[in-house]
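Here the structure is laid out as structure tokens; the discussion comes afterwards.
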Amino acid sequence: MYKIIYNKKLSSVAYEMCVEAPHVIEKCIPGQFAIVMAQEDSERIPLTIYDYDKEKGLLYLIYQVIGASTLELTYAKNYLYSVSGPLGNANEICQNPNSFKGKRIVYVAGGVGIAPVYPQVKYLKEKGFDVDVVYGARTNEMLIIRNKLQEVARKVFYVTDDGSYGTKGFVTEVLKNRIKNYDIVVAIGPVIMMKNISELTKEAGVKTIVSMNPLMVDGSGMCGACRCEVDGKSKFACTDGPEFDGHKVNFDLAMKRMNIYKEEEKEKLQEMEKRLQSQNK
Ligand code: NAD
Ligand code: FES
């Protein structure tokens, strides 16, 4: 059992949880993720390691309520049944910062995709990098962790779909106008966003790293649930990724796979809503 320090709402779609999990953060490098289970019979949920305190053994997670299991997580108060990790590979730049010295790097975050972006920007600042961030969300209140982000980024370009904060539009439009300033783009967010960013950067000849977030089960390369096609080959996001060369990912296939269980997920969400309501009456 893993003690929950807090589990709080950040916006209408995002929550932040702090949990004691020293074994997970002991050796983690940004880009890696953890798999959590709220209770013994809960589904396993892959979540980005958003921040950590190695001295205190604290792991910080940001998650979005997108289905039954993430809804159940919002009700977790005292303990999580399990926390496994760190899983997956660290971000390529964070893993080997010296080989990227002098490169002009921009991170593009879409919505809750800011959760994996923040620790990378923070880590690179500690290594002497000045990194820009283009951060887009549907509306002002969904732009989370702004103060923390501004402390570690050189400049943050905010974008909202409705124009309620920063530039009105999508992150792609802002990046397009600035692409000449960068040598490397790291894009994390909805698959359609990463697809459009990768098309833009391919045309501009700019190296692009994306982070795939498909359905996962075991998180250890055994079940095949997280299969993605990269450069015409089958790859597992959990063990080969989650980050890949954006110019080589088959995003259309990834989007198709994401929708396979949509109906079942809807039913499960409705069942979970009823179960949680009766438990919490
Ligand atoms: P969203 O649908 O609200 O979109 C966020 C932003 O992405 C938009 O404001 C816009 O700027 C951009 N965007 C959306 N559609 C676009 C398009 N067609 N073209 C260009 N840009 C577009 O996002 P959300 O609901 O917050 O979802 C966040 C996504 O991030 C989820 O899909 C989730 O799986 C993903 N995510 C990934 C990781 C990871 O580690 N890979 C971690 C957390 C979240
Ligand atoms: Fe099972 Fe990746 S989650 S192989």
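Need one number: % antiparallel among DSSP beta bridges in the stretch 128-281, to the nearest 5.
Details: 8 of 20 bridges.
Within the stretch 128-281, antiparallel bridges account for around 40 percent of the total.
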Out of all DSSP beta bridges with both ends in the chain, state the antiparallel percent to the nearest 5.
60 percent
Could you give the size of the charge dipole of the chain about its Cα centre, using +1 on the Cβ of each K and R and -1 on the Cβ of each D and E, expressed in debye and rounded to the nearest 20?
660 debye
Using alpha carbon centers only, the stretch 25-91 is separated from the stretch 165-236 by a whole-angstrom value of 22 Å
Tally Lys/Arg at +1 and Asp/Glu at -1 over every other residue whose Cβ is under 14 Å from the Cβ of SER234; what's the total?
+2
For LYS266 and LYS101, what does the FRET efficiency come to when R0 = 35 Å and r is the distance between their Cβ atoms, rounded to the nearest 0.05?
0.15
The equivalent-ellipsoid semi-axes of the stretch 101-166, taken as the square roots of five times the Cα gyration tensor eigenvalues and listed largest first in whole Å, are 22, 11, 9
Where does each of 113-126, 262-275 land if you order them by average Cβ count within 10 Å, highest first?
113-126, 262-275
Checked against a 32 Å limit on the C-alpha separation, the offending pairs among LYS27/LYS207; LYS3/LYS207; LYS127/LYS266; LYS27/LYS202; LYS176/LYS233 are LYS3/LYS207; LYS127/LYS266; LYS27/LYS202
In degrees, nearest ten, helix 114-126 long axis to first principal axis of the chain (Cα):
60 degrees
Pick from CYS238, CYS228, CYS18: which residue has the top mean-square fluctuation in a GNM of the chain where Cα pairs under 10 Å get a spring?
CYS18
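If you count only protein heavy atoms with a 1.4 Å probe, what accessible area per residue comes out for the chain, rounded to a whole Å²? Kindly include the intermediate steps, with their values, before the conclusion.
Values: 13950 Å² over 281 residues.
Per residue, the chain has an accessible area of 50 Å².
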What's the carbon and sulfur percent of the chain's accessible surface, probe 1.4 angstrom, rounded to a whole number?
48 percent
Say we join alpha carbon atoms closer than 10 Å with springs in a Gaussian network model of the chain; which of GLU243, GLU229, GLU203 then has the biggest fluctuation?
GLU203
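The values are calculated or read from the model by the stated rules, or taken from the named source; none is laboratory data. Since the model is a prediction, treat every value here as computed from it, not as a measurement. Cβ atoms come from the backbone with ideal geometry, glycine included; neighbour counts cover every protein chain shown. All accessible areas refer to the heavy atoms of the entire protein, side chains included, with ligands and DNA or RNA removed. Shrake-Rupley method; radii C 1.70, N 1.55, O 1.52, S 1.80 Å.
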